[in-house]
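*Asks:* Below is the structure I would like to discuss, written out as structure tokens.
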Amino acid sequence: MHELALAESIVQIVEREMKKYPGSKMLKVGIKLGALHEIVPEALQFGFDTMTMNTALAGGHLDIERIPIKGKCRNCGHEVVIEDYVFICPDCFSGDIEMTQGDALEITHIEIE
């Protein structure tokens, strides 16, 4: 379950950042999560909640923004939303698709008080 490893990495990064603000409380950490990673948001949230239980981060919310897979056909230039991992242009049926989004995996913000 790679969601637990990802949750652990997020917790470590947030803890490192929180050391810069002694006495503060984390309210929310936002992440962008591209669909290409096949992360189950509920499992990631569960892992995050479990790893922050009884810590200074307990009660903080993981705000997950799902980013769909999109691409651009190199043959005709059509913008394509990739569904079911089918990288074929619906206009010209070319398989020469350049992925333009969907592989994001980043912390976008940490909200503290």
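*Asks:* Across 5 Å bins from 0, what is the distribution of all Cα-Cα pair distances for the range 17-70, in whole percents?
*Replies:* 4, 18, 24, 22, 15, 11, 5, 2, 0
*Asks:* Sticking with this structure for a sec: Can you return the aspartates and glutamates within cross-link range of K70? Criterion is Cα-Cα under 17 Å, with same-chain partners fewer than 8 residues away left out.
*Replies:* Cross-link targets: E38, E79, E83, D84, D91, D96, E98, D103.
*Asks:* Using the beta-carbon distance between E79 and E38 and R0 = 30 Å, what value does 1/(1 + (r/R0)^6) give for FRET efficiency, to the nearest 0.05?
*Replies:* For E79 and E38, the calculated efficiency is 0.85.
*Asks:* Going by average Cβ neighbours within 10 Å, how do the peptides 84-91, 54-61 rank, with the highest at the top?
*Replies:* The most tightly packed comes first, giving 54-61, 84-91.
*Asks:* Hey, any idea what the orientation-averaged projected area of the convex hull of the chain's Cα atoms comes to, in nm²?
*Replies:* 7.9 nm²
*Asks:* For the range 1-72, which GluC sites (Glu not before Pro) are in a loop by DSSP, counting at most 14 other Cβ atoms within 10 Å?
*Replies:* On the way: sites: E3, E8, E15, E17, E38, E42, E65; in loops: E38.
The qualifying sites are E38.
Here, each number is a calculation from the coordinates, and none is a lab measurement. Small disclaimer: the values here were computed from a predicted structure and weren't measured. Using ideal geometry, Cβ is built from the backbone for each residue, glycine included, and neighbour counts are taken over all protein chains shown.
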